[in-house]
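Novice: Encoded as structure tokens, here's the structure I'll be asking about.
Rule-based calculations on the coordinates, nothing more; no lab input. Note that the coordinates shown come from a computational prediction; the quantities given were computed from them, not determined experimentally. Backbone-built Cβ (ideal geometry, glycine too); neighbour counts: all protein chains shown.
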Amino acid sequence: MLSDPELKRLHWRAHHRGTREADMLVGGYFDANHAWWSAEQRALFSAMLEEQDVDIMAWAHGTAEPPERFSGPMIDQLKTLDYIRISR
């Protein structure tokens, strides 16, 4: 369980997006990566959570280019989609 209040807040926001697909995408990304984020990366993720789910999903699927401030390693990792757990 997360003990850091900021990480708890980010966890909740990442997992409660409004649609199951967005919860899986954004929440799964948080779960897979938050442990080694710096303060700057946390702030960038927090800013990304302010964006619309359809935009975040389009960036992850490569159907739209992210704004310059989000371009880079975070979006590159988001695009891998290998952090999403799916039952088989």
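Novice: Taking helices (runs of 4 or more DSSP H) that fall entirely within the range 1-63, which contain at least 2 residues that are out of contact with any Leu (no Cβ under 9 Å at 6 or more places or on another chain) and farther than 18 Å from Arg85 by Cβ?
Specialist: Where helices (runs of 4 or more DSSP H) fall fully within the range 1-63 and carry at least 2 residues being out of contact with any Leu (no Cβ under 9 Å at 6 or more places or on another chain) and farther than 18 Å from Arg85 by Cβ, they are 5-15, 39-48, 53-61.
Novice: I've got another one for you. Scan the range 39-59 residue by residue and report those that are among the β-branched types (Val, Ile, Thr) and free of Cβ contacts under 8 Å to residues at least 12 places away in the same chain.
Specialist: Val54
Novice: A further question on this structure: Residues being crowded, with 17+ Cβ neighbours inside 10 Å and without any contact (Cβ under 8 Å) to a residue 40 or more places away in the chain: count how many of those fall in the range 14-38.
Specialist: Count: 7.
Novice: Please specify each residue of the range 53-88 satisfying the condition of being more than 13 Å from the chain's Cα centre (by Cα) and among the basic types (Lys, Arg).
Specialist: Passing the criteria: Arg69, Arg85, Arg88.
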